Amino acid sequence: MSNDNTIPFRRPDALARFAKSRLVAARYGGADEARLSAFETQHEVSLSDGYRDFLMRENGLDYHIPHTTIATLPAEAQSDAFVLSDINTLFGIGNGHPYFDLEELAPDMDFHDYGFTPFAHVIGLGGDFSTLVEITEGKRTGAIMYTDGELFHGMRSDGIAGKSADEAIDYFIDSGYYYRVATNLSDLFEKYARLI
């Protein structure tokens, strides 16, 4: 007997489970590789393999995490979940949405400045212009940081000129501007998937 017609069952990964959940209000399909490359060139950023994979699969998500969902989690998972509930958008590139498309937003963002933090690529946005950024340089490469949007303009005036990426990130963590919410995008989606 042949196994040629057998299709093995593969459990959906964390991104697929979260994207298809009732928490997600809008999905934007897959991104165009040429547009991703053009974005990297124009803004002098390098998209990680994990973020590129997200963009090729979903190219942005609009979602809402109710606090009642968080209350059902174990205590050790609740602090990150409260932070994640403050973010309600994961950006796409070239998805055509005026508020969720980095092609549209990047030239005039009032909540992230690639020139100020070239070591951090913005991937999400929430209340009070708090963001999720992915670290692209230094010892924390790949880490996902939550930024306190209320501190953004003050951080810009503090100046991090002359500091390495690691020194600047340490300064932002010590000042409360950055909070590490995930070790990488896979870890981030695992945390989101636990909320469904």
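Please calculate how many Å² of accessible area region 114-196 carries per residue, with a 1.4 Å probe and no DNA, RNA or ligand atoms counted.
Working: 3520 Å² over 83 residues.
Using a 1.4 Å probe on heavy atoms only, each residue of region 114-196 averages 42 Å².
Each part gets one Cα centre, and for region 17-84 versus region 112-178 those centres are 18 Å apart. Top mean-square fluctuation among Ala161, Ala14, Ala77, Gaussian network model of the chain, C-alpha springs under 10 Å? Highest fluctuation among the options: Ala161. Solvent-accessible area of the chain (1.4 angstrom probe, protein heavy atoms only): carbon and sulfur portion equals 49 percent.
Dipole of region 82-149 computed with +1 at Lys/Arg Cβ and -1 at Asp/Glu Cβ about the Cα centre; of Gly124, Val83, Leu102, farthest Cα towards the positive end is Val83. Straight-line cross-link reach from Lys139 at under 21 Å between alpha-carbon atoms covers these lysines, not counting any fewer than eight positions away in the same chain: Lys163. Within the straight-line cut-off of under 21 Å between alpha carbons, the lysines reachable from Lys191 are Lys20, sequence neighbours fewer than 8 places apart in one chain being disregarded.
In this simple spin-label approximation, Glu40 and Ala77 carry label points 7 Å from Cα along the Cα→Cβ vector, and these lie 3.4 nm apart.
Here the dipole of the chain is about 860 debye; that uses its Cα centre as origin and unit charges on the Cβ of Lys and Arg (positive) and Asp and Glu (negative). Multiplying the residue separation of Thr183 and Asp62 by 0.36 nm and removing their Cα-Cα distance gives an extension gain of 41.4 nm.
The values are calculated or read from the model by the stated rules, or taken from the named source; none is laboratory data. None of the values given here were measured: they were computed from a predicted structure. Please note: Cβ atoms are built from the backbone with ideal geometry, for glycine as well, and neighbour counts cover all protein chains shown. Just so you know, the surface numbers come from the protein's heavy atoms only, side chains and all, with ligands and any DNA or RNA stripped out. Shrake-Rupley method; radii C 1.70, N 1.55, O 1.52, S 1.80 Å.
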